[in-house]
Amino acid sequence: MAALPEDPPPLIGEDDRDTAVRRLREAYAEGHVSHEGPDERLHQMLTVRTHSELVSALASLPEENAGTTSTIVAAGGRIRRRGTWRTPRSLKVESAFGRVRLDLSRAVIEHSVVDIELRLGTGRAKITVPRDAIVDTEDLRTGWKDSLHRTRRSSRPGGPRIRISGTMGFGRLKIRHARR
């Protein structure tokens, strides 16, 4: 009896490749990679196709700094962040009642991906993202109204990716890109 063919290994996505290149860049900036090595490693990371190849290419680099996780909790009232503030890698916002307003347009964003997890009961939420940000709301579940978000037609590459997830009961999420 002939053996069944194995499934081909899954191919890596663009986000995985971008993360690998960012890790190499950070390791080089911190002095973990010699001056002779980054070009060869970069070529390797850009040409690998499977997850296992990528893992072996990253094996000699230091572990990725996961960044920080912050949580903002309010039973009622308003949650507001605006002006110049440092965004963590992961932000959790929890509110039973009230409004949420996050303005990232002038925030210091040090990470290429920022995860915002919303756990909202009732009330509206408004998030203003940088002009060149890419917004992903696929993992957001709304109970009453869908979120409002118009993607920008002309965004420059290199902006942060803002991933919004979580659940919203009664209320609406409005996402807008900063004008400047």
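For region 9-43, what are the residues that are at pLDDT below 70 and closer than 13 Å to GLU53 by Cα?
PRO9, PRO10
What number goes with the only condition from (1) surrounded by fewer than 18 Cβ atoms within 10 Å (Cβ to Cβ); (2) assigned to a loop (DSSP other than H, G, I, E, B) that TYR28 does not pass?
So the condition that TYR28 fails would be (2).
Suppose the filter is within 13 Å of the chain's Cα centre (by Cα), surrounded by fewer than 18 Cβ atoms within 10 Å (Cβ to Cβ) and modelled with pLDDT under 90; does SER70 pass it? Talk me through it step by step, then tell me what you get.
Numbers: within 13 Å of the chain's Cα centre (by Cα): no; surrounded by fewer than 18 Cβ atoms within 10 Å (Cβ to Cβ): yes; modelled with pLDDT under 90: yes.
Considered against the rule, which asks whether it is within 13 Å of the chain's Cα centre (by Cα), surrounded by fewer than 18 Cβ atoms within 10 Å (Cβ to Cβ) and modelled with pLDDT under 90, SER70 comes out as no.
Quick test for you: out of ARG25, ARG99, ARG41, ARG17, pick the one residue that is touching a helix residue (DSSP H, G or I) at 6+ places or on another chain (Cβ under 9 Å), among the charged types (D, E, K, R) and more than 22 Å from ILE134 (Cα to Cα).
Matching residue, one of ARG25, ARG99, ARG41, ARG17: ARG41.
Which members of region 104-121 meet the condition of being touching a Lys or Arg at 6+ places or on another chain (Cβ under 6 Å) and surrounded by 20 or more Cβ atoms within 10 Å (Cβ to Cβ)?
Passing the criteria: only ASP115.
Can you tell me how many residues in region 127-141 are open to solvent by 40 Å² or more (accessible area, probe 1.4 Å), part of a strand (DSSP E or B) and touching a Ser or Thr at 6+ places or on another chain (Cβ under 6 Å)?
Qualifying residue count, region 127-141: 1.
From the list ALA57, ALA2, which one is modelled with pLDDT under 80, surrounded by 15 or more Cβ atoms within 10 Å (Cβ to Cβ) and not in a strand (DSSP E or B)?
Only one candidate passes the filter, namely ALA57.
Take the residues in region 132-150 that are more than 17 Å from the chain's Cα centre (by Cα) and at pLDDT 80 or above; name whichever of them is nearest to VAL114 (Cα to Cα).
By that ranking, first place goes to ARG141.
Being farther than 25 Å from ASP16 by Cα, modelled with pLDDT of 90 or more and open to solvent by 50 Å² or more (accessible area, probe 1.4 Å) narrows it down to one residue among ARG124, ARG101; which is it? Walk me through it before giving the result.
Values: ARG124 fails: modelled with pLDDT of 90 or more.
Result of the check over ARG124, ARG101: ARG101.
The values are calculated or read from the model by the stated rules, or taken from the named source; none is laboratory data. Computed from a prediction, not measured in an experiment: that's the story for all the values here. Glycine gets a Cβ as well: all are built from the backbone with ideal geometry, and neighbour counts include every protein chain shown. The accessibility values were calculated without ligands, DNA or RNA, using every heavy atom of the protein model including side chains. Shrake-Rupley method; radii C 1.70, N 1.55, O 1.52, S 1.80 Å.
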